[in-house]
Structure formats: C-alpha cells, structure tokens
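Please read the structure below before turning to the comments.
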Amino acid sequence: MKESKSLILSFVFFLEVCGVTFGQSYTGFVSGNYAGASGIIHQPASIADNAYPWDFVLVGINAFSDNNYGKVKRSRAFMNFNFSDITSELIRDKETKYGLLNLEATGPSIMVRLKNARAVGFTSRVRTYINADGLTGDLATIIADGFNNPSLFDLNFANQQYYLKLNSWQEYGITYAQVLRHTPYQKIKAGVTAKLLIENGGVQVDFITGNLQNVGDKLLLIPEFSLEYGYSEKFQNILDGNFSFFKGKKGFGMDLGLEYEVYDGIRGSTPSSTKIIDDFNRQTNTVPKYKYKLGFSLLDIGRLKYNYGTYSGEASVVSDGTDVIDLNLLKGTYSDPNALSDSLSNMVNLSTKSGNYTMGLPTAFQANIDYRIRENLYINANTYVNLAFLKWSDYNVHDISNLTITPRWENNWLGFYVPFYTNIKGQFNMGLATHIGPLVFGVHDILPFLVRKESTSVGAYFMLKTFIPNKKKKSRFKCGPSGWERKKKKTA
C-alpha cells in the first residue's frame, strides 16, 4: 500500500510540474467509466474490457473559446441572466496576446466489446481550430484604439509579430484495444486509433517586423517586415460557394494510449484467472472496482497537406523602405481575397505563393490519474501538454497546456462532474456537467453565471448516446473466506 501511495504522489507531482489544458473535449465525462465510444477520443485504451457490450454515440457538439484580447461582461445575476446584457471589452495590458477557438461536431461513433478482453471502435468527427498568437500588448492597445490615440502617436515598437492559424478537417478513426496483462491485482490495457483525415480548409498568416512606428490615423511606418499569408484551395471553393464535404486533401492521423489499473482487497481476493475475472465482470454488469488507474496517451499525431489558394502571397519589405502604409486602403477587403491582394500590392512589394504547405493537428501528450474514493465516487486529475513546438509541419494549430481536476459521481444512468482547471496563462475556470441516461451536457465555465462579472472564456457541450447493458446472468461466483470462488454444482 505504501508503494501505491508513493506512486500516486509522484504522479500528481508530475502533473503539476508539467505546466498543465483543458484540451480535451466533453471534459469530465470522457474520462469516466461510462464514456464508452466517446472515451476513445480521450484514451484509445479505455474501451478494452469495457463495462458495456457495445456503446453508440448518435451526435455530439463541443465548443470552447479562450483569449486575453477581450472579456465578456454581464450586468445581472444568474436568475435574471439575459443575452442582451452581455457586453465585451478589449483588454489593454502588456501581456502577449493569445486566442483559441475549438469547435467540434461528433458524428455516429460506436464501440464493440470482443472476446478475450479486446474491443474495437469507430469514431467520426468534424473539427476546427483557430489560433491567434504573438501580438504584443502595446500593439494590441494601438489596434484597440483604432490607431487614433494621440498619446501613442510616433511611438516605436520593436519585434512585433502575429500568427493566425485556422485548420478545419474531418476525421474517421478505427480503434483497437486490448488487455495486455490481467492479474488479481492489476490490469494493463493498450489501444491505438488510426484516423483518415479529410480537409475542410486551412488558413495561415505570419507577420513579423523588427520595428514599427505608429504615425497616427491608421498610418504605419514599417522600414522592414516579413508577411506571409495563405489558404487552401478548398477554402477558396468555400468562398466561391462550391464546398463538397468529402472532397479534399487526405491525410493520416493516429492516437496511442496506455492504461494501468490497480485493485485492492476491499471485496476480498479477486478470482485467480483472467477468464474468471472477465466472466465475473460481465455477469455482474459492473465497472471493475480499481483503486486507481494511470493513463497516458499521445493524441492527434498527424498533419494535412494543402495546396495554396490563388491569392496566397508574401511580402518582405515596404516599397522603398520608408513609405508609410495606409491601413485605410484595406477597409472592406478582408472578406474578399482578390480585393485584399490588390490593395496589398499597391502598398508593398507583393508576390504570390504557389505549391503546397502542411498543417499539423493539435498534437498533445496527456497523462491522467483516476482515484476511486468509494462506490461510484471518483476524483480525476488530467494534464494535457501542447506539443506543437515539435514542428513536424510548416504550421500547427494547438490547444493551451493545462491541468484539470474533476470530482465525479456516476453510475450507468446518472453522473455529475465538476471540472476545475487552470492553464499556463493563469486562467482558472470551473465547469459543470451531467449525464442523465442517453443525454450528456455541460458548460466549460460556470463561474460567470454565479460569481464573476466578466470572463475571457466561454464554452459548452452536448451529446446524445445510447448503450446496451450486459444481460445479467445468475452468478456462478460466491464470496467465501478466501474471496471470490466458483459455486459448486449440486450433485444428485
């Protein structure tokens, strides 16, 4: 028991020092024991030796946004809350800015339990990530003031940069998981998901300058800078109204997962063979009563290869090195790539980009510990570490690394989840979720509805699913002095 406690303490310490995100979808529910097919996206190994013979997700929607550009304020208490009371306010400070939008639609997904503690699954999702990073607080303040704040005229700003990334894709995954080792006191499970990726569209903008001067009235003096912007051919088709769902560039992705479960002797010694253990769990239709389990997963390994759209381009210097850029010339062109390209060509030395580029998925490492306090009551700690810095593609979208701690109470038909999380930007939120039969829903931050007057993040999720419980059979086991034993057949 001492070794178990030491392992748990060491693991929790590891979670804390990793700099730890609320990157997972359907937070709280997917790390529980009744997630079924929806748990695949969080941990591929979770479906091995599952509590259900099969589980089916009909539809799910998850949305989450977080930033430090601006905050949403409310003016009334929860009971009188009205969307007309919501106002927004830009944040003016010295912090480097970031923005994240994660939209996900889960389509039909299924898991099926096989013999010998194996399982297979299929998942379908449409996912969109948008990141806006790198803008300094000083430049963000100038933009927020419309470049017209006299106190900021003629100021020089060094080393300004801004990165915008959008990646939208479909993914269809096939999962295989199995129990590698099963003894009376431990279980080791592994799983892998292979994913077919189909592009919906991608956009990227990289702006870097060594120096910038705010002349005033949307006039900027930029002696030298680098600008690259591009979008995929399929994104051009969307703008032209010719979107086709399944057509587009194809790619390959992968998730890997490993789980380690530890049992105690609360219910007496467990059966001594894997076959007896499996039979017992199926006949009693219960989740295995582990004391705790550790999970590790490597998620969203993969990338998509895009062709540049017609009006993708790049610029390196202002026309003669001293010209003032008039941002007023860009007014009304942002939604029209052709007009934007024409306006930029009159302001800078502009060249088109052709060929292709790669955009990576939001690759991350996830570590998880789930501890059973008592019957149906658990506490879960999950760390999600962004690995976009590995740079195995030209551009990457990403989540924000963070730590989520979720107390939960759950059984087959009812569950309550209260995730507390903090990210490396210092944001703290408290979510709230429940599942009632086939319905699962939750919010990523409940505090603005309770105690906060403002928030920089917002999000919610919804899922409709169903499952088939095990057919309860007359148990062939009894609990004797030495633990669980087979019942002896009566003899005439």
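Brief remarks on what is shown
- Residue satisfying all of: in the range 444-485; polar (S, T, N, Q) and either in contact with a helix residue (DSSP H, G or I) (Cβ under 6 Å, 6 or more places away or on another chain) or at pLDDT 50 or above (or both); farthest from TYR129 (Cα to Cα) among these: SER475
- Selected residue (only one of ARG125, ARG113 is touching a strand residue (DSSP E or B) at 6+ places or on another chain (Cβ under 7 Å) and either modelled with pLDDT of 95 or more or surrounded by fewer than 18 Cβ atoms within 10 Å (Cβ to Cβ) (or both)): ARG125
- Scope the range 426-447; condition surrounded by fewer than 18 Cβ atoms within 10 Å (Cβ to Cβ) and over 28 Å from ALA37 (Cβ atoms); matching residues: GLY426, PHE428, LEU447
- So GLY146, is it over 30 Å from PHE296 (Cβ atoms) and of a type in the set (Gly, Ala, Ser): yes
- Any chance ASN368 is more than 17 Å from LEU299 (Cβ to Cβ) and polar (S, T, N, Q): no
- The one condition from (1) modelled with pLDDT under 80; (2) in contact with a Leu (Cβ under 7 Å, 6 or more places away or on another chain) that LEU58 does not meet is (1).
- Listed by position, the strands (runs of 3 or more DSSP E) inside the range 344-412 whose residues that are surrounded by fewer than 22 Cβ atoms within 10 Å (Cβ to Cβ), of a type in the set (Lys, Arg) and out of contact with any Pro (no Cβ under 9 Å at 6 or more places or on another chain) number at least 2 are 364-374.
- Any pair with Cβ under 6 angstrom, 6 or more apart, that starts in the range 39-62 at a residue that is more than 19 Å from TYR290 (Cβ to Cβ) and ends at one that is of a type in the set (Gly, Ala, Ser) and not in a strand (DSSP E or B): ASP55/GLY36; ASP55/ALA37; VAL57/ALA37; VAL57/SER38; ASN62/SER25
- Checking LYS488 against (1) modelled with pLDDT under 75; (2) surrounded by 15 or more Cβ atoms within 10 Å (Cβ to Cβ), the condition it does not meet: (2)
- Enumeration of residues in the range 56-71 that are crowded, with 24+ Cβ neighbours inside 10 Å and in contact with a Lys or Arg (Cβ under 7 Å, 6 or more places away or on another chain): VAL57
- Identity of the residue in the range 287-321, of a type in the set (A, V, I, L, M), part of a strand (DSSP E or B) and at pLDDT below 85, that ends up farthest from SER31 (Cα to Cα): VAL318
- Selection from the range 389-411 of residues that are over 24 Å from ARG127 (Cβ atoms), in contact with a strand residue (DSSP E or B) (Cβ under 8 Å, 6 or more places away or on another chain) and not basic (Lys, Arg): ILE405, PRO407, TRP409, GLU410
- Yes/no for GLU89 being more than 20 Å from the chain's Cα centre (by Cα), within 26 Å of GLU454 (Cβ to Cβ) and in a loop (DSSP other than H, G, I, E, B): no
- Any chance TYR260 is modelled with pLDDT of 70 or more, surrounded by 15 or more Cβ atoms within 10 Å (Cβ to Cβ), farther than 25 Å from ASN167 by Cβ and among the hydroxyl-bearing types (Ser, Thr, Tyr): yes
- Applying the criterion of at least 1 residues that are among the basic types (Lys, Arg) to the strands (runs of 3 or more DSSP E) found wholly in the range 95-194 leaves 109-113, 118-133, 155-183.
- Test: residue in the range 11-21 that is of a type in the set (S, T, N, Q) and modelled with pLDDT of 85 or more: no
- Residue within the range 199-218 that is surrounded by 15 or more Cβ atoms within 10 Å (Cβ to Cβ) and under 30 Å from VAL112 (Cβ atoms) present: yes
- Checklist (1) of a type in the set (Phe, Trp, Tyr); (2) at pLDDT 70 or above; (3) exposed (fewer than 15 other Cβ atoms within 10 Å of the Cβ) applied to PHE243, failing item: (2)
The values are calculated or read from the model by the stated rules, or taken from the named source; none is laboratory data. Here the structure is a predicted model, which means the values were calculated and not measured. We place every Cβ from the backbone using ideal geometry, glycine too, and count neighbours over all the protein chains shown.
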